[in-house]
1. Only one residue in ILE36, ILE19, ILE56 is out of contact with any strand residue (DSSP E or B) (no Cβ under 6 Å at 6 or more places or on another chain) and of a type in the set (A, V, I, L, M, F, W, C). Which one?
2. Scan the stretch 17-30 residue by residue and report those that are farther than 18 Å from LEU49 by Cα and of a type in the set (A, V, I, L, M, F, W, C).
3. Of all residues in the stretch 7-59, count the ones that are surrounded by 10 or more Cβ atoms within 10 Å (Cβ to Cβ) and hydroxyl-bearing (Ser, Thr, Tyr).
4. Starting from the stretch 30-59, take each residue that is outside any strand (DSSP E or B) and list its partners that are polar (S, T, N, Q) and modelled with pLDDT of 85 or more, counting only C-beta distances under 9 angstrom and pairs at least six apart or across chains.
5. If I ask for residues that are of a type in the set (Val, Ile, Thr) and under 18 Å from HIS6 (Cβ atoms), which ones from the stretch 38-53 would you list?
6. Could you identify the single residue in GLU53, GLU26 that is over 12 Å from the mean Cα position of the chain (by Cα) and at negative phi?
7. Give me the pairs, please: first residue somewhere in the stretch 4-28 and of a type in the set (Gly, Ala, Ser), second residue anywhere and surrounded by 10 or more Cβ atoms within 10 Å (Cβ to Cβ), beta-carbon distance under 9 Å, and either six or more positions apart or on two chains.
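The values are calculated or read from the model by the stated rules, or taken from the named source; none is laboratory data. Just so it is clear, the model here is predicted, and its values are computed rather than measured. Counting neighbours? That spans all protein chains shown, and the Cβs are built from the backbone with ideal geometry, glycine included.
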Amino acid sequence: MVAHPHRLPRNVLPRRYDIDLEPALESASFIGTVRISLDVVEPADCIVLNAAELSIGSV
């Protein structure tokens, strides 16, 4: 299965996103959390998520 560089592979299906954001209007930024529920329909060695221009505090 060929992976597209900016998409989840076809064997990984997102089912639900729970997002909680707190905007910081004075600095035009935000902090928050996200929980992503996935169905992996075939084995996958890894799953890469796009985090361009985000600073990740913990996983």
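1. Every option except ILE56 fails the conditions.
2. LEU21, ALA24, LEU25, ALA28, PHE30
3. Total satisfying the criteria: 3.
4. Close Cβ pairs satisfying both conditions: VAL41/ASN11; GLU42/ASN11; PRO43/ASN11; ALA44/ASN11.
5. ILE47, VAL48
6. Working: GLU53 fails: at negative phi.
Of the residues listed, the single one that is over 12 Å from the mean Cα position of the chain (by Cα) and at negative phi is GLU26.
7. From the stretch 4-28, the pairs are ALA24/PHE30; ALA24/ILE31.
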